[in-house]
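The values are calculated or read from the model by the stated rules, or taken from the named source; none is laboratory data. Just so we're clear, the structure is a prediction, and the values are computed from it rather than from any experiment. Please note: Cβ atoms are built from the backbone with ideal geometry, for glycine as well, and neighbour counts cover all protein chains shown. Protein only, heavy atoms only, side chains kept; ligands, DNA and RNA dropped before computing areas. Shrake-Rupley method; radii C 1.70, N 1.55, O 1.52, S 1.80 Å.
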Amino acid sequence: MTEPRLHAVVGDHVFDGAAVHERAAVIIHGTRIAQVVPQADLPRTISVKALPEGAWLAPGFIDLQVNGGGDLLFNDQPTIEGACTIAAAHRKFGTTGLLPTLMTDSHEKMRLALRTASALVGREPGVLGIHLEGPYLSPEKPGVHDARHIRRPTADDISMLTAPRNGVLLLTLAPEVVPPGFIAQLVAAGVCVSLGHSMASYRQTRAAMAEGLRGFTHLFNAMRPLASREPGPIAQALESTDAWYGLIVDGAHVDPAMLRLALRGLGRPLLVTDAMPPVGGSRSSFTLHGEDITVWDGRCLTDEGTLAGSVLDMATAVKNCIRLLGMPLPDALRLASANPATSIGFEHMLGRLVPGYRADLVAFDPNDMTVLATWVAGNGDY
Ligand SMILES: [Zn+2]
């Protein structure tokens with residue numbers, strides 16, 4: 001057996017997930033991080049990739065909500081090839097780990113998507129599992145989900161969702177449409193449960209959290225709004241220390257003032273793209289269950305003007321955190337790496353550049369967030 005390759009990446013600014021190290025080197029041993037050292041301490045014999053002057057090196061971005069990329073919609077092709085195309089498209093923008101996201105669809109399509117994700121985990125390290133967004137959603141908050149497939153869970157669904165699998169299974173549901181105990185049953189089987197497309201009241205959200213729900217999918221969008229006498233899911237998310245919430249920071253989905261409010265919550269904010277096929281692709285339109293969606297002024301819109309996902313990529317989301325929300329760069333980077341890693345239980349292996357963690361890195365120019373290079377499990381692309 002050959003010894004895993006030892007090499008190093010050196011940069012002017014290395015953010016390890018907690019602190020910035022100036023003129024540092026990340027030593028990679030095979031698929032893992034061996035050490036972060038000052039450049040001056042690097043052994044002379046080691047092979048080195050030097051980044052351009054001023055570049056930053058940080059933990060690779062992790063995106064928990066990716067409907068598509070590279071001109072492909074996961075619902076149209078929930079296969080190994082489909083998921084790999086999407087992962088490759090997003091890698092150009094610094095994403096080194098993602099969950100392909102299947103929006104509300106048939107039982108058969110869900111089964112196929114679950115099989116695909118389970119087969120890919122371990123083979124394609126950029127795919128961490130799967131996100132099923134729906135189908136147990138509120139008919140009052142369908143967004144652009146296919147209303148024909150929105151439904152309540154059956155016994156068949158429960159056995160499909162709790163069957164043994166590889167990788168993460170994140171399920172977005174509306175707690176008010178599933179029976180009591182359903183969330184607890186999923187959580188006991190290792191499923192991460194998140195609230196979304198929901199009209200749940202504050203009390204219903206609290207009950208769901210007592211069963212183990214921890215996530216809030218694209219907070220603010222497609223859920224009961226904050227109101228004085230019915231605070232709904234948003235208040236519960238912001239006041240719970242163990243909640244996490246996905247934010248779409250594209251300037252279109254949520255007003256920056258509301259996003260700044262979310263950042264003051266007690267829970268864990270994280271960036272998601274909710275990306276559609278045009279990200280990393282060449283076409284500016286696509287079809288979503290038969291309906292034409294056009295990219296217009298940086299938004300994906302139906303003919304009626306409803307938002308249908310985004311054309312956001314993670315590097316731009318980080319840039320928007322700085323420009324629209326006034327966040328320091330390291331804080332924005334944490335929202336794109338350590339926070340999503342922790343939310344899906346990968347805080348022991350992803351989201352930081354420390355010894356033993358998987359060598360998932362992104363190198364970028366901090367002036368415009370242009371991605372210069374990425375590494376996934378030690379394999380570079382530059
Ligand atoms: Zn959604």
Cβ-Cβ under 6 Å pairs, at least 6 apart or on other chains, the range 99-112 side touching a residue at least 24 places away in the same chain (Cβ under 8 Å) and open to solvent by 10 Å² or more (accessible area, probe 1.4 Å), far side acidic (D, E) and within 13 Å of the ligand (Cβ to nearest atom): M103/E133
Members of the range 260-290 that are more than 20 Å from G82 (Cβ to Cβ) and either under 17 Å from the mean Cα position of the chain (by Cα) or open to solvent by less than 60 Å² (accessible area, probe 1.4 Å) (or both): A262, L263, G265, G267, R268, P269, L270, L271
So Q35, is it farther than 18 Å from G246 by Cα, touching a residue at least 12 places away in the same chain (Cβ under 8 Å), polar (S, T, N, Q) and touching a Lys or Arg at 6+ places or on another chain (Cβ under 6 Å): no
The range 370-382 residues that are farther than 15 Å from H90 by Cα, paired with ones that are surrounded by fewer than 20 Cβ atoms within 10 Å (Cβ to Cβ) and modelled with pLDDT under 95 (beta carbon under 9 Å, 6 or more apart): G378/P4; G378/R5
Single condition R151 does not satisfy, out of (1) open to solvent by 40 Å² or more (accessible area, probe 1.4 Å); (2) under 23 Å from V362 (Cβ atoms): (2)
Number of the exception - D63 against (1) farther than 21 Å from N379 by Cα; (2) within 16 Å of the ligand (Cβ to nearest atom): (1)
Yes/no for R165 being in a loop (DSSP other than H, G, I, E, B) and away from the ligand (no atom under 16 Å from the Cβ): yes
Hits in the range 342-378 (condition: under 20 Å from H21 (Cβ atoms), surrounded by fewer than 24 Cβ atoms within 10 Å (Cβ to Cβ) and among the aromatic types (F, W, Y)): Y357
Residue, farthest from the chain's Cα centre (by Cα), within the range 212-229, restricted to residues that are open to solvent by less than 50 Å² (accessible area, probe 1.4 Å) and more than 14 Å from the ligand (Cβ to nearest atom): G212
Tally, over the range 189-237, of residues that are on the phi < 0 side of the Ramachandran plot, in contact (Cβ under 8 Å) with a residue 24 or more places away in the chain and part of a helix (DSSP H, G or I): 11
